[in-house]
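This report refers to the structure that appears directly beneath it.
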Amino acid sequence: MSGNVDLTPLIGRLPEVVNGDPAIVRWGREMNDAFMLEVGRMQYLVTVRAGRVEKVETGSFEMRPWRFAIRAREECWREFFRSPPAPGWHDLFALLRRGDVTFEGDQRALWAYLLYIKLALAALRR
């Protein structure tokens, strides 16, 4: 993935990719929340209902409610979404350990659905 590719179309595929995979939906079947994914300056509000990604909105969400946020620089997400990702870029915890990602908001909700979130984001590599 070259450095000048817009990640919006890729992240916009979340509903198609997640909802088309019954195993991922099953992992998130109890999730009914919105979370924010921040890619550099761009923000995506992801709304999940019963494990299905209902919608992905792009914009500025300072005044919109979200349960938790996952924030990283655009370059970090580019490396994370490579297929296959290089060692150290393959997982949210790898990025967290390196200090390249931050988690904000309701940490209990994030941890409760962490595997679902990780599977959903990794599925975009396909």
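Observations on the structure shown:
- Checking each residue in the stretch 29-46 for being surrounded by 16 or more Cβ atoms within 10 Å (Cβ to Cβ) and over 15 Å from L114 (Cα atoms) picks out E38, V39, M42, Q43, Y44, L45.
- Subset of the stretch 8-29 [touching a residue at least 24 places away in the same chain (Cβ under 8 Å) and not aliphatic (A, V, I, L, M)]: T8, G12, R13, P15, N19, D21, R26, W27, G28
- Among the residues of the stretch 1-12, those that are out of contact with any strand residue (DSSP E or B) (no Cβ under 7 Å at 6 or more places or on another chain) and either buried (at least 16 other Cβ atoms within 10 Å of the Cβ) or closer than 16 Å to A72 by Cα (or both) comprise G3, D6, L10.
- Of the residues in the stretch 61-68, at least one is within 19 Å of A109 (Cα to Cα), loosely packed, with under 13 Cβ neighbours inside 10 Å and either among the small types (G, A, S) or touching a residue at least 12 places away in the same chain (Cβ under 8 Å) (or both).
- E62 acidic (D, E) and modelled with pLDDT under 95: yes
- The residue list V46, V18 contains one member that is in contact with a Leu (Cβ under 7 Å, 6 or more places away or on another chain) and aliphatic (A, V, I, L, M), which is V46.
The values are calculated or read from the model by the stated rules, or taken from the named source; none is laboratory data. As the structure is a prediction and not an experimental result, all values here were calculated from the model. Cβ sites come from the backbone with ideal geometry, for glycine too, and all protein chains shown count toward neighbours.
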